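The values are calculated or read from the model by the stated rules, or taken from the named source; none is laboratory data. Everything numeric here is computed off the predicted structure, so don't read it as measured data. Every residue, glycine as well, gets a Cβ built from its backbone with ideal geometry; the counts of neighbours run over all protein chains shown. The protein model used for the area step is the full one, side chains on, heavy atoms only, and it has no ligands, DNA or RNA in it. Shrake-Rupley method; radii C 1.70, N 1.55, O 1.52, S 1.80 Å.
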Amino acid sequence: MKIDVTALILTFNEQENIHRTLSALGWAREVVMIDSGSSDRTIEIAKSVRPDVHVLQREFDSFATQCNFGLSQISTEWVLSLDADYVLTPELIAEIAALNPAPDLAGYSVEFRYCIFGRPLRSTVYPVRAVLYRRQRAQYRDEGHGHRVVIDGKVEKLSGRIDHDDRKPFSHWLRSQDNYAIIEARHLLSQPLEKLNAQDRLRRAIFFAPQGMFLYLLFGRGLILDGWPGWFYVAQRTIAELMLSVRLLIERETLKSKATRNKATSG
């Protein structure tokens, strides 16, 4: 390994995933886990796979602040930032081992291969993400229900991929999506329409995005050819868009009611 890398992972009740994620990180100099108070076997499993894992527990407030706190605990020059359901492919591990970055290169981005119960799909709407970067040139910020890293400098794309392979129960996924939908709905309604991209403008229209996502994934991305895993993923993403539409409608009507009450009070 030509560069020293610490893997940074956020966890909260990830017992179904953490073993596979850490098993692919034996090459990393260090692993730092920022845990938000897991009540399952996440930490126990993590230490059984990687006894030297550095676990820090911190109450969750936002993804960005958790990540930035994690960065402050790392001493190596390079950081590999992962979710607990990310699994590095052998091709990507070999590619990272051979890296010899120029001084002006600040980070690397990676494509993802979405998996359903371990079965990889031919396509996904999961975006390319910058996951490997110089620690002192990176800072996280919250964006809607998620977060992203802002890197000061040049970012190149690696050819290897990461498998996104979440094995947590479907009930957990539903609860998480509803929480995400609430945050995302409030974010979308707080932004001027002209500042939103085409996809988010469609979401703001309410109930058009779910239909578009269903057709786009099934036929535009060819997931109809992936059998039941393809249909499973299409159903997930369509449900997620439906939940967002419902939350947008609730938040919009709540804002209207507040505006009416304020107008009546001030009048």
Out of all the residues in segment 201-252, which are more than 17 Å from Pro127 (Cβ to Cβ) and not in a helix (DSSP H, G or I)?
Ala205, Ile206, Phe207, Phe208, Gly222
In segment 17-35, what count of residues is obtained for those that are open to solvent by 30 Å² or more (accessible area, probe 1.4 Å), in contact with a Ser or Thr (Cβ under 9 Å, 6 or more places away or on another chain) and either closer than 22 Å to Leu71 by Cα or outside any helix (DSSP H, G or I) (or both)?
2
The residue from Tyr133, Tyr140, Tyr114 that alone is hydroxyl-bearing (Ser, Thr, Tyr), modelled with pLDDT of 90 or more and either loosely packed, with under 13 Cβ neighbours inside 10 Å or within 17 Å of Ala235 (Cβ to Cβ) (or both) is Tyr114
A careful count of residues in segment 160-187 that are in contact with a helix residue (DSSP H, G or I) (Cβ under 9 Å, 6 or more places away or on another chain), over 28 Å from Tyr108 (Cβ atoms) and among the charged types (D, E, K, R) gives 2
State whether the residues of segment 155-167 include one that is without any contact (Cβ under 8 Å) to a residue 24 or more places away in the chain and either open to solvent by less than 60 Å² (accessible area, probe 1.4 Å) or among the basic types (Lys, Arg) (or both).
no
Exactly one of Leu225, Leu193, Leu174, Leu202 is touching a Gly at 6+ places or on another chain (Cβ under 7 Å) and open to solvent by 30 Å² or more (accessible area, probe 1.4 Å), and that residue is Leu202
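Got a number for residues in segment 181-228 being among the charged types (D, E, K, R), more than 19 Å from Leu249 (Cβ to Cβ) and free of Cβ contacts under 8 Å to residues at least 24 places away in the same chain?
Summing the residues that are among the charged types (D, E, K, R), more than 19 Å from Leu249 (Cβ to Cβ) and free of Cβ contacts under 8 Å to residues at least 24 places away in the same chain in segment 181-228 gives 2.
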For Phe112, state whether it is in contact with a strand residue (DSSP E or B) (Cβ under 8 Å, 6 or more places away or on another chain), among the aromatic types (Phe, Trp, Tyr) and part of a strand (DSSP E or B).
yes
Flagged in segment 46-79 as open to solvent by less than 20 Å² (accessible area, probe 1.4 Å) and either at positive phi or not in a loop (DSSP other than H, G, I, E, B) (or both), in numbering order, are Ala46, Ala64, Gln66, Cys67, Gly70, Leu71, Trp78, Val79
Which listed residue, of Phe208, Phe214, Phe219, Phe232, is open to solvent by 30 Å² or more (accessible area, probe 1.4 Å) and at pLDDT below 95:
Phe208
Looking at (1) out of contact with any helix residue (DSSP H, G or I) (no Cβ under 9 Å at 6 or more places or on another chain); (2) open to solvent by less than 60 Å² (accessible area, probe 1.4 Å); (3) among the charged types (D, E, K, R), which one does Glu241 not meet, given that it meets all the others?
(1)
